[in-house]
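*Asks:* Okay, here's the structure, questions in a sec.
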Amino acid sequence: AAAGPNTTGALEEFFHQLDETIGDRAAKLTNKVRTDALLKLIAARRNGWTNQTRWAELIREHLTRHHGHAPQQRQHTDPKGAPSLRSPYPP
């Protein structure tokens, strides 16, 4: 008997959910660090590792400690003009 799944249905469902989550934003995912973080969050949700109530508590505690401000908002990790996930060559 062959090992492994007999259909690709589960994989197709995952990609469908991924497309619904990211959608048109996929073309704008040019920062590797942020994209990796987003994919980890999607995987956590998909695998049932998330607890929305606990995340809300953690965020609230963090914002309270920082007087309602998230430090260093929208920091870039890629050098300006050289995004890590965009080809340096024009199509």
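*Asks:* Just need a number here: residues in segment 2-36 that are of a type outside the set (V, I, T), within 22 Å of G81 (Cβ to Cβ) and not in a loop (DSSP other than H, G, I, E, B). Quick ask: steps written out before the conclusion?
*Replies:* So in segment 2-36, the residues of a type outside the set (V, I, T) come out as 2-6, 9-20, 23-29, 31-32, 34, 36.
Of the ones still in play, those that are also within 22 Å of G81 (Cβ to Cβ) are 25-29, 31-32, 34, 36.
Next, from what is left, pick out any that are not in a loop (DSSP other than H, G, I, E, B): 25-28, 32, 34, 36.
Matching residues across segment 2-36 total 7.
Residue-by-condition table, conditions (1) touching a Ser or Thr at 6+ places or on another chain (Cβ under 8 Å); (2) at pLDDT below 85:
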residue	(1), (2)
E12	no, no
D24	no, yes
R34	yes, yes
N51	no, no
L58	no, no
L63	no, no
R74	no, yes
R86	yes, yes
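*Asks:* With respect to R45, is the statement that it is in contact (Cβ under 8 Å) with a residue 40 or more places away in the chain, in a helix (DSSP H, G or I) and surrounded by 12 or more Cβ atoms within 10 Å (Cβ to Cβ) true? Walk me through how you get there before you give the answer.
*Replies:* Numbers: in contact (Cβ under 8 Å) with a residue 40 or more places away in the chain: no; in a helix (DSSP H, G or I): yes; surrounded by 12 or more Cβ atoms within 10 Å (Cβ to Cβ): yes.
Here the answer is no, as R45 does not meet what is asked.
The values are calculated or read from the model by the stated rules, or taken from the named source; none is laboratory data. If you're wondering where the values come from, they're calculated on a predicted model, not measured in any experiment. All Cβ positions, glycine included, derive from the backbone under ideal geometry; neighbour counts span all protein chains shown.
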